[in-house]
Structure formats: structure tokens, C-alpha cells
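Visitor: One structure, pasted below without further comment.
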Amino acid sequence: MTDSQPTKTVTITLDAANSDRQYPSYQISINAMESETNGHGYRLMGSKYMGRSRNLRTVELTQRDADEIRAVLDEVFPPNPAAVLDEIADVLARAYDGQSLAELRDEHAALHLEAAAAVLAHLTARH
């Protein structure tokens, strides 16, 4: 018998943060849900959660939604290529030498940085 991992979903939620009809307050959040009532998220708009909000609408995101959102975010906040390059080089150093990039001599680390640049160039050329 195998234990299957619970399927996580991503939702965008609009909540009424108060019950004031004249001056309503709303919250919008993005949430990683493990079940219908269990998950965690990030408030994108609105006042701090006070535990009294009322759900007005929840929309489950698809992979296409996630890809489109990620593309918009990358356009405005592009990934830091230097940080990605160092991360790839560190993974290569640990896989091939059993040491972090920082632990290697400069001339040896340079080889992993060169290989990481080639990997990154190949991956970005595909997109």
C-alpha cells in the first residue's frame, strides 16, 4: 500500500475584512492549500488579517495561470542572473567535487562557473 501525497492547490481569495457596509474593507490573498480549509498564504492587498474576515470569492489557479503570473513578475522583477549562476555552479561543485563553490580554489571554481554559464545560456535560449 502506498501513501499518496495530498494534492496542493493555489488559490486567489477575496475576503471582506469587516462588516461595515458604508466603508467596507477587503483583502486579496494568494494561498497554497493542502485541503479546503488548511493552507497558508500571502496577503496581496488589504488590512492585516484579524480573524474575522468573510470569504467572498475563491478562485483556484491553473498551471497556465501560474505560468502567466510568473512571466509578468519576471518581466518587472527579473531573476538575478548572477545569483542563479552562482547557485548552479555551487550545485555542480557539490556534485562533482563534494565541496561548495566557496571551498574550491579560484581556478577550480572558475571551471564550475564557466559550466554554469553554459547551462544557464542553454536554458534561457529555450524560452
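Visitor: If we only count helices (runs of 4 or more DSSP H) wholly inside segment 61-127, which ones have 3 or more residues that are within 25 Å of Ile12 (Cβ to Cβ) and open to solvent by 60 Å² or more (accessible area, probe 1.4 Å)?
Guide: Counting at least 3 such residues, we get 63-76.
Visitor: So, Thr58, is that one modelled with pLDDT of 90 or more, within 22 Å of the chain's Cα centre (by Cα) and surrounded by 13 or more Cβ atoms within 10 Å (Cβ to Cβ) or not?
Guide: yes
Visitor: A further question on this structure: Could you figure out which of (1) open to solvent by less than 70 Å² (accessible area, probe 1.4 Å); (2) part of a loop (DSSP other than H, G, I, E, B) isn't true of Gly41?
Guide: Unmet condition: (2).
Visitor: Another question, then. Kindly list, by first and then second residue, each pair from a residue in segment 62-88 that is free of Cβ contacts under 8 Å to residues at least 60 places away in the same chain and under 19 Å from Thr124 (Cβ atoms) to a residue that is open to solvent by 80 Å² or more (accessible area, probe 1.4 Å) and hydroxyl-bearing (Ser, Thr, Tyr), limited to pairs with Cβ atoms under 9 Å and residues at least 6 apart or on different chains.
Guide: Once the first residue is free of Cβ contacts under 8 Å to residues at least 60 places away in the same chain and under 19 Å from Thr124 (Cβ atoms) and sits in segment 62-88, its partners that are open to solvent by 80 Å² or more (accessible area, probe 1.4 Å) and hydroxyl-bearing (Ser, Thr, Tyr) give Pro81/Thr124.
Visitor: Right, another one. Applying the selection to segment 61-71, what residues are within 13 Å of the chain's Cα centre (by Cα) and among the β-branched types (Val, Ile, Thr)?
Guide: Ile69
The values are calculated or read from the model by the stated rules, or taken from the named source; none is laboratory data. Since we're looking at a predicted model, the values are computed, not measured. So basically every Cβ, Gly included, is an ideal-geometry build from the backbone, and we count neighbours across all protein chains shown. For accessibility, only protein heavy atoms count, side chains too; no ligands or nucleic acids. Shrake-Rupley method; radii C 1.70, N 1.55, O 1.52, S 1.80 Å.
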